[in-house]
Amino acid sequence: KQEVTQIPAALSVPEGENLVLNCSFTDSAIYNLQWFRQDPGKGLTSLLLIQSSQREQTSGRLNASLDKSSGRSTLYIAASQPGDSATYLCAVYDSGAGSYQLTFGKGTKLSVIP
Amino acid sequence: DGGITQSPKYLFRKEGQNVTLSCEQNLNHDAMYWYRQDPGQGLRLIYYSQIVNDFQKGDIAEGYSVSREKKESFPLTVTSAQKNPTAFYLCASTPLHRGFYDGYTFGSGTRLTVV
């Protein structure tokens, strides 16, 4: 069964710093990987979607990479801002157990200090 | 604008009561999902449906029931058999293209509390 791990569980950085969030998955036969942001008490907002044939995706100050062979993805946030403070979730989409499902990591809680 | 609407935002349930959480989408997505989120546990799949009048159990279906009578709607009932229903419930949808998709869209969630 697919397992997704996110390290670190929590991260605190000063404003303006560049940072990297890590995501690893146990079964490399995935179709895609999606990064989400969740603010306290809110739903999930999609940040970036990487198809299995892609190596990276970029949106503004965010860049996500995917290395299927090693079972890893990273989310790079440039020039962090206090508004980036949230929990970031990584999820992989695969056909494990015979059905197409999204498996989530437990998230990294990011705090950007002004 | 297209999206997913979950209601209510907050819900309180007395012991022994059944309650129903609403999820409606106007994205014309085929598949819909219900997840439960607990602190420190991540999101866990309760039920999903890929087509009208059909649905499948996820990892933690016990104590829950669903229906899919319309493509746009996927309500979740939390029954009295669910022993620990206090949690944050999230509904999601996605178009169904195997091997390629535009990603999941999530609603804003319903926080259920047992009183």
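From the list B:L21, B:L11, B:L96, the one residue that fits, being in contact with a strand residue (DSSP E or B) (Cβ under 8 Å, 6 or more places away or on another chain), closer than 27 Å to A:Y31 by Cβ and hydrophobic (A, V, I, L, M, F, W, C), is B:L96.
Each residue in the range B:55-65 was checked for being more than 12 Å from chain A (Cβ to nearest Cβ) and either assigned to a strand (DSSP E or B) or touching a Lys or Arg at 6+ places or on another chain (Cβ under 6 Å) (or both), and 3 pass. The sole residue among B:P95, B:P39 that is open to solvent by 10 Å² or more (accessible area, probe 1.4 Å), within 14 Å of chain A (Cβ to nearest Cβ), touching a His at 6+ places or on another chain (Cβ under 8 Å) and not acidic (D, E) is B:P95. Every listed requirement among (1) within 9 Å of chain A (Cβ to nearest Cβ); (2) crowded, with 20+ Cβ neighbours inside 10 Å; (3) over 17 Å from A:L44 (Cβ atoms) is met by B:Q50 save one, (2). Here the condition is being away from chain A (no Cβ under 13 Å) and either surrounded by fewer than 17 Cβ atoms within 10 Å (Cβ to Cβ) or assigned to a loop (DSSP other than H, G, I, E, B) (or both); of B:R111, B:R68, it holds for B:R68 alone. Applying the condition of being in a strand (DSSP E or B) and under 17 Å from B:K71 (Cβ atoms) to the range B:7-38 and asking which residue is nearest to the chain's Cα centre (by Cα) yields B:W34.
The values are calculated or read from the model by the stated rules, or taken from the named source; none is laboratory data. In this text the structure is predicted, and so the values were computed from the model without any measurement. Cβ atoms come from the backbone with ideal geometry, glycine included; neighbour counts cover every protein chain shown. Please note that ligands, DNA and RNA were not included when accessible areas were found on the heavy atoms of the full protein model with its side chains. Shrake-Rupley method; radii C 1.70, N 1.55, O 1.52, S 1.80 Å.
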